[in-house]
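What follows is calculated from the coordinates using simple rules that are stated; it is not laboratory data. If you're wondering where the values come from, they're calculated on a predicted model, not measured in any experiment. Note: ideal-geometry Cβ built from the backbone for every residue, glycine included; neighbour counts use all protein chains shown.
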Amino acid sequence: MTAGPSDRYLEVAGVRLRFRDEGRGAAVILLHGWTFDLEMWEPQVAALRDEFRLVRIDRRGHGLSGGVPDSEQDAADITSLCRHLNLSSVALLGMSQGARAALRFASRAPGQVTALILDGPPNLDNQAVDEDVPMQHFRELVSKAGLAAFRREWSKHALVQLCTEDAALQTQVHAMIARYPGRELLDPATAGTATAPWSLPVIRAPTLVLSGAYDLPSRLQSARNLCAQLPAAEHVILPDAGHLINLDQPALYSKLCRAFLMRHGQRPHRDSLTAE
């Protein structure tokens with residue numbers, strides 16, 4: 001894959017990160033999940049760019065960004081992106097591991113976050129490990145059979161299955177997995193780990209938690225647990241959708257995001273301003 005005409009790059013501590021900045025209005029940063037990249041947000045950008053400024057990034061170690069995936073560094077990368085674009089307040093939309101990144105940033109800069117939309121969040125009791133993803137198995141598989149073997153097996157995992165039969169979306173999912181660099185699988189010693197703790201109770205921003213009705217039971221439970229820990233959270237379950245809700249139900253997903261952001265994404269929530 002080559003860079004598109006709207007691609008831009010930001011260098012953070014020697015790592016080059018790809019991002020796109022499109023649309024107009026209140027700023028929303030979009031954060032994808034593991035093995036995906038900013039291309040997954042195409043349906044939402046098309047639906048929302050006339051009302052919101054949508055900033056989407058290839059998280060480090062994904063897509064065309066350098067480095068290796070690092071849950072600790074994600075929040076610092078968001079901070080650098082906001083500084084680079086002079087964004088004093090933002091809403092965050094994070095799916096799966098992107099939800100972890102969004103929460104980590106919001107816990108450290110609560111006064112900067114207007115609203116949160118969290119999609120298919122993992123279990124947050126362990127702030128570094130996703131229990132639904134067998135990383136050790138995948139590292140052993142890559143060591144023995146290479147990245148192609150990992151990509152074939154991962155493409156069959158429940159977390160990357162679509163309920164929709166839309167051929168273009170199916171192709172898009174496989175293309176993102178195919179271009180995932182897998183650097184932390186090739187060299188496990190480079191994999192980042194979270195070391196600094198973060199706290200959910202400091203987050204006061206209005207939060208919308210989205211789940212697909214056919215997501216893993218563990219993810220549905222994680223969404224319920226998260227709503228119980230956040231003081232201003234609501235949970236919506238979308239029908240006929242698995243883990244990749246924004247692709248299974250793009251129109252409904254975008255409609256829910258639009259309505260929530262119109263209510264809450266325009267300026268920092270008053271409670272959050274006193275939380276720092």
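Could you tell me which of TYR214, THR164, LEU64 has its Cα farthest along the dipole of the chain towards the positive end, charges placed at Cβ (Lys, Arg +1; Asp, Glu -1), taken about the Cα centre?
LEU64
Which parts of region 89-122 would a label at ARG24 reach, counting a residue when its backbone N lies under 20 Å from a point 7 Å out along Cα-to-Cβ?
Inside the label zone: 89-91.
At a 10 Å Cβ-Cβ cut-off, how would you order LYS144, LYS255, fewest neighbours first?
Numbers: LYS144 8, LYS255 13.
By the 10 Å Cβ count, ascending: LYS144, LYS255.
Between ALA175 and ASP50, what FRET efficiency follows from the Cβ-Cβ distance if R0 is 25 Å, with the result rounded to 0.05? Each step should come with its number before you reach the end.
On the way: r = 27 Å, r/R0 = 1.06.
Working from the Cβ atoms, E equals 0.40.
Could you give the angle, 0 to 90 degrees to the nearest 10, between helix 250-264's Cα long axis and the longest principal axis of the Cα atoms of the chain?
Approximately 30 degrees, to the nearest 10.
Relative to the compact globular guide of 2.2 N^0.38 Å, what is the alpha carbon radius of gyration of region 8-273, as a ratio?
Details: Rg = 17.0 Å, N = 266, 2.2 N^0.38 = 18.4 Å.
Compared with the compact-globule rule of thumb, region 8-273 sits at 0.93.
Springs between alpha-carbon atoms under 10 Å, Gaussian network over the chain: tell me which of SER254, SER65, SER88 tops the mean-square fluctuations.
SER88
State the answer as a single residue: which of TRP41, VAL173, THR114 lies farthest towards the positive end of the charge dipole of region 8-273, with beta carbon charges of +1 for Lys and Arg and -1 for Asp and Glu, about the Cα centre.
THR114
Please compute the Kirkwood hydrodynamic radius of region 169-259 from all pairs of different C-alpha atoms, in Å with one decimal. Don't skip to the end; give the middle numbers.
Details: mean 1/r = 0.0635 Å⁻¹.
For region 169-259, the Kirkwood estimate is 15.8 Å.
If I take the Cα coordinates of region 1-145 and project them onto the principal axes, what are the three extents in Å, biggest first?
Largest to smallest, the principal-axis extents are 48, 36, 31 Å.
If we sort 165-174, 42-51 on the protection proxy, mean other Cβ atoms within 10 Å, highest first, what's the order?
Details: 165-174: 13.1, 42-51: 16.7.
Per-residue Cβ counts within 10 Å, averaged per peptide and sorted highest first, yield 42-51, 165-174.
Grab the Cα-Cα distance for LYS144 and ALA259, subtract it from 0.36 nm times how many residues apart they are, and report the gain in nm with one decimal. Mind dumping the intermediate values first?
On the way: separation 115, 0.36 × 115 = 41.40 nm, distance 4.79 nm.
Value of the extension gain: 36.6 nm.
If packing is taken as the average count of other Cβ atoms within 10 Å, what order do 113-123, 201-211 fall into, highest mean first?
Highest-to-lowest ranking by the protection proxy: 113-123, 201-211.
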